[in-house]
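The values are calculated or read from the model by the stated rules, or taken from the named source; none is laboratory data. Computed from a prediction, not measured in an experiment: that's the story for all the values here. FYI the Cβ positions are ideal-geometry reconstructions off the backbone, even for glycines, and counts take in every protein chain you see. Ligands, DNA and RNA are excluded from the accessible area calculation, which covers all protein heavy atoms including side chains. Shrake-Rupley method; radii C 1.70, N 1.55, O 1.52, S 1.80 Å.
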Amino acid sequence: MWNQAHPYETMSGAVRCLSHYGIVQSVMLLAVIVLGVGTTIVSAQSLNWEGQDGIYVTPLAYAVPSTEKGLGRPVVAYHYLDAGPVLGGFHQVSVTVGVFNRVEFGYTRNLHQDGSTVGLSSLWSSGFNAFHGKLNFLPERRAWQPALSVGFVARSQVRNVGGVIQGQDTTNADFYAVATKTVTQIRKLPLVFNLGYKATNASLLGLVGNAPAYKGRLFGAAAFALKGPGRSTILLGSEFLQEPRSVENLPAAVVPTTITYAIRMVPAGALPLHGWGVENPKLTIDFGVAQAAGTVMPGVNLQARHQFALGISYGF
């Protein structure tokens, strides 16, 4: 059953919401983290939680494959997080297209499935939209030069926690710059390093609504690739994602940094010894575990520190 929003009408209800909101924040953070874990470090064709070429919750500086003269074929993805009895389940469906081998843009629909905790699970709506775009203005070089990109994510119809309390849809956005470098000097052990900075007024990528104002936040990742059975590649890594620590109208809630641990399976992908942009497997499968938040306020435990997430990306 998809979650329906129920505005709070009394002051006591608003107070309960505040505590619940903090819980939702952390749990949502976990959800994002977990998902982020699954998507960590694969070829330029794996989409993250919001449909960008990236890890699970953070973007890479690479763009999805396309041609030098026009549009590439679409890449589609599905992500799922079982966030437990408080948050419920989260489903993400994405489609992304590359252009001129330098640009990508796409759309993601977030769908939420009800949790079972009375008084808390009703703080989430049925879902919202996310539109994204990225420009790779400096390509990666074999020696030392990383790939550099700028991008944005714009979210609409966000009615989570704060939106439920206020009884209205909200919008929020991210604007970011990111650098990614694949190191291939170690024989048969490619390493990937990713670091970025974003300005955002979203709380946990919009999963718990808005932050009080735009804040500058860091994100990053590190991973390595191993040759698996047959022609497969196994990628192991971790990422972190800072989010604004406060939530709009909920100053008592504290959102910690997201940390993810990921395993990515590329059934038909070779080791990226010539850089991730060269590799082009059609299918990737992500599994992740996220370290998010337990107690976010006195007496409030999110029960979401070790949640399982799954991600599947396919490039046509």
Practice task
Select from segment 105-147 the residues that are without any contact (Cβ under 8 Å) to a residue 40 or more places away in the chain and under 15 Å from the mean Cα position of the chain (by Cα) and write down the one among them that is most open to solvent (accessible area, probe 1.4 Å).
Solution key: F131
Handout entry: Yes/no for V150 being in a loop (DSSP other than H, G, I, E, B), over 22 Å from G315 (Cα atoms) and open to solvent by 10 Å² or more (accessible area, probe 1.4 Å)
Key = no
Fill in the blank from the handout: Exactly one of G216, G206, G237, G196 is crowded, with 19+ Cβ neighbours inside 10 Å, at pLDDT 95 or above and in contact with a strand residue (DSSP E or B) (Cβ under 7 Å, 6 or more places away or on another chain), and that one is G196
Practice task
Answer yes or no: is there a residue in segment 162-180 that is more than 28 Å from T233 (Cβ to Cβ), open to solvent by 10 Å² or more (accessible area, probe 1.4 Å), assigned to a strand (DSSP E or B) and touching a helix residue (DSSP H, G or I) at 6+ places or on another chain (Cβ under 9 Å).
Solution key: yes
Practice task
Go through segment 219-234 and count every residue that is open to solvent by less than 20 Å² (accessible area, probe 1.4 Å), among the hydrophobic types (A, V, I, L, M, F, W, C) and in contact with an Asp or Glu (Cβ under 9 Å, 6 or more places away or on another chain).
Solution key: 3
Handout entry: segment 76-104 - residue that is touching a Leu at 6+ places or on another chain (Cβ under 7 Å) and of a type in the set (S, T, N, Q) and, of those, surrounded by the most Cβ atoms within 10 Å (Cβ to Cβ)
Key = T96
Exercise for the section: State all residues of segment 214-251 that are out of contact with any helix residue (DSSP H, G or I) (no Cβ under 6 Å at 6 or more places or on another chain) and part of a loop (DSSP other than H, G, I, E, B); if no residue qualifies, say none. Expected result: G228, P229, G230, R231, S232, Q242, E243, P244, R245, S246, P251
